[in-house]
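The values are calculated or read from the model by the stated rules, or taken from the named source; none is laboratory data. As the structure is a computational prediction, the values presented were derived from the model and not from experiment. No Cβ is skipped: glycine too gets one built from the backbone with ideal geometry, and neighbour counts run over all protein chains shown. Ligands, DNA and RNA are stripped out before the accessible areas are found, and what is left, the full protein with its side chains, is counted by its heavy atoms. Shrake-Rupley method; radii C 1.70, N 1.55, O 1.52, S 1.80 Å.
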Amino acid sequence: MSVAVEHIPEVEVKPEVERPVLSPLREPLIEGHKTYSEATADICQLLDQKPGRGWWLAFSASFSVLVAGLIAIGYTVVTGIGTWGLNKTVGWAFAITNFVFWIGIGHAGTFISAILHLFNQKWRTSINRSAEAMTIFAVICAGLFPIIHLGRPWLFYWILPYPNARGSLWVNFRSPLLWDFFAIATYFTISLVFWYLGLIPDLATARDRIRSRVRRAVYHVLSLGWNGSHRTWSRYEVVYMVLAALATPLVLSVHSIVSFDFAVSIVPGWHTTIFPPYFVAGAIFSGFAMVMTLLIPTRKFMHLESYITLRHFDNMCKVTLLTGSIVALSYLIEIYIGFYSGNRYEVFVIVNRALGPYRWAFWTMIACNALIPQLFWFKRVRSSIPLIFIISILINVGMWFERFVIIVTSLHRDFMPSSWAMYMPTMTEVFILAGSFGLFFTLYLLFLRVFPVISINEVKGVLHYARD
Amino acid sequence: MPATDRQPNVRYMAGFFKRERDVLAAVREARRAGLQIHDVYTPFAVHGMDRAMGLRRSRLTWIAFVAGVMGLAAGLALQIWTSVYDWPLNVGGAPFNSFPLFIPVTFELTVLFSGLIAIGMLLIRNRLWLFSKRRVFDRVTDDLFVCVIKQSDAASDAEEAAKVFTRHGAIRVTEGDQFV
């Protein structure tokens, strides 16, 4: 138990941040002239509250969708992959689209927690906790799809290189699918420990002031006896930096490796050297859109306007604009190189994407990813929460379609016209996709109830920013 | 600090501060005055405290580096041994030792080893674990900064410490034989 050494009497001392002397150059990161204890109270009281009606409504909705998805998964596992719309020509479609989509979503969390940390971007402190949580949940959703796609998901562990009774027949280390497994397993593990490391000091804060006895006991165990010792803080900061430095190339490698699944093959439309940077930019683009989609309601319903300010959204919109423009440029280069190659199959893929039977998917992708985010050039759009919310959802739709276009339009008409085919998802597949959203939102809503949503200790470190 | 290090005669002085810059100034001056700083307890990582306390740079970065090299070696060894020596398989005519294709897995294992071992060593070094019974100063995870000075035999230490603490705006100064 956390033992109070002695009761400290309340002494009136002027807190450092009370003086609202603002720097002429910088704006404060946290609004409302918060003191340390106000910051603790604001974030910890969210854990003491009983969930409101809004939370229960959102939770029951997402949980119902999750159950529907689980039924669809159960049906698939019992019956087989024949329940999906796949055929001999289009052997990869919905599940792989969803997999790439969810992995991409996760990238923004690591970008915020690791890359922005390395670049000393202090505004990340208000949003990194929820963004990292989002990463973990998105990777869980992503990992689900290849496993269901196996057909015999209970044998998924065959992808591990362990000594076995089949001679030891080893896994094929030359296959991008195996790299995928290593990349995602590492990404998940490192993201999880990174997130937990950041949580430890805040769990200690929650432990020391939460009212519920059960919760206090849980936080007590999870906070690992954290007592704020600076000798501990000093090493903690070093390891946090090391992890940020490790997570940065890791996050770039993960989506690069996902893109190898396609780029290493010889299918026209997949066999492209631009894929790794193009996928990484797209991942950060879609991830930031999802962070904004999640944070706008979180901020509103949990009354976190002083912590997650318009400035945070402004910055996130700028990152979205930058990565979205990289994605748009990649689309142009892909089209240009397709024609420039002079290869009739490559040219055909480009033409077929834009004018063929899946043109609606292609043009949705272009509209949502290349055109709509350009609105973020305007300050007025970047400071309108409703507009940001709508655009962020459109970007997510667009990025899902991007993966659908890449996967399905490349496969459905490749070298041999005799084997051309169309693909349409079945209801089972649609339910599994919906179920993954249900899982994602269920986990996120639980996170909001269980852990401090904002990194309390990091926010305290930037309360003075641009003041005094 | 572990409980076993506690000698019966050693006494500690604790100064409680409400402001970051006060505790920093107090720690700096206490060190200049030759007092032995046991530890400082803060609600967040205070910048400049490492230097104020005179802490050495942590060697955990080197541990992370060595762990990364171990992961790299393990990853390469695993792939080369299984694909070249134990059971070479011809996959699409690729050479058994298709080295460039071994890079992704090697890289992932490097990161995995480095990250996990760095965190593991951090927890061990700081004695952070699930059933820790460490004591915590009241409100130190909220808004209080506590500087604890270990008293040596010199009788003047306590007075000196109290003076330093109050000069820098400590809201309270206490003495005890077992703090944290």
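Would you calculate a helix-derived [θ] at 222 nm for chain A, using -39,500 (n - 2.57) for each DSSP H run of n ≥ 4 and dividing by the full residue count, to the nearest 500? Walk me through the intermediate numbers first.
On the way: 15 runs with 288 residues, N = 468.
Result for chain A: -21000 deg cm²/dmol, rounded to the nearest 500.
Spin-label model, residue A:393 to residue A:464: label points 7 Å out along the Cα-to-beta-carbon direction sit 4.3 nm apart.
The gain in end-to-end length when the residue A:71 to residue A:121 segment is fully stretched comes to 13.6 nm, 0.36 nm per residue minus the alpha carbon separation.
Please go through the residue pairs A:122/B:18; A:50/B:133; A:379/A:460; A:34/A:318; A:460/B:150; A:50/A:300 and name each one whose alpha carbons sit more than 20 Å apart in this structure. Please list the in-between numbers first.
On the way: A:122/B:18 23 Å; A:50/B:133 30 Å; A:379/A:460 29 Å; A:34/A:318 27 Å; A:460/B:150 28 Å; A:50/A:300 17 Å.
A:122/B:18; A:50/B:133; A:379/A:460; A:34/A:318; A:460/B:150, as the Cα separations exceed 20 Å there.
Check each residue of segment A:237-251 and keep those whose accessible area, probe 1.4 Å, is at least 50 Å² smaller with all protein chains in place than in the chain alone; give them in order of residue number. Output list: A:238, A:239, A:242, A:246. Going from the chain on its own to the full set of protein chains, segment B:91-115 has these residues losing 40 Å² or more of accessible surface (heavy atoms, 1.4 Å probe, no ligands, DNA or RNA): B:91, B:101, B:104, B:105, B:107, B:108, B:111, B:112. In square nanometres, what is one fourth of the surface area of the convex hull spanned by the alpha carbons of segment A:36-462? Spelled out: convex hull of the Cα atoms, projected over all directions, averaged, 22.6 nm².
Here chain B has an Rg and Dmax of 25.0, 81 Å, counting Cα atoms alone. Between residue A:152 and residue B:87, the modelled labels are 1.5 nm apart [label points 7 Å from Cα along Cα→Cβ]. Can you classify segment B:60-125 as rounded, prolate or oblate using the Cα gyration tensor, where a ≥ b ≥ c are the square roots of its eigenvalues, rounded means a/c under 1.5, and otherwise it's prolate if a/b beats b/c and oblate if not? In terms of gyration-tensor shape, prolate. With the gyration tensor restricted to C-alpha atoms of segment A:299-351, the semi-axes of the equivalent ellipsoid amount to 43, 11, 4 Å, longest first.
Interface B-A: total buried accessible area of about 6800 Å², 1.4 Å probe, protein heavy atoms only. Take chain A with all the other protein chains still there, run a 1.4 Å probe, and you get 40 Å² of accessible area per residue. Other residues within the sphere of radius under 13 Å centred on the Cβ of residue A:55, judged by their own Cβ, net out at +4 (K and R +1, D and E -1). Using the Kyte-Doolittle scale, which helices in chain A average at least -1.0 and also have C-alpha atoms spread 27 Å or more along the helix axis, with helices defined as whole DSSP H runs? Result, helices passing both filters: A:53-79, A:128-149, A:176-209, A:230-263, A:275-301, A:310-340, A:385-404, A:427-450.
With the convex hull drawn over the C-alpha atoms of segment B:8-92, the volume per residue is 197 Å³.
Each residue, residue A:446 and residue A:360, gets one label point 7 Å from its Cα in the Cβ direction; the gap between the two is 3.7 nm. Once the Cα-Cα distance is subtracted from the 0.36 nm per residue extended length, the residue A:333 to residue A:31 segment shows a gain of 104.4 nm.
Could you tell me what percent of the accessible area of chain A is made up of carbon and sulfur, with a 1.4 Å probe and every protein chain present? If you can, show how the numbers build up before the last one.
Details: 13160 of 18900 Å².
Carbon and sulfur together cover 70 percent of it.
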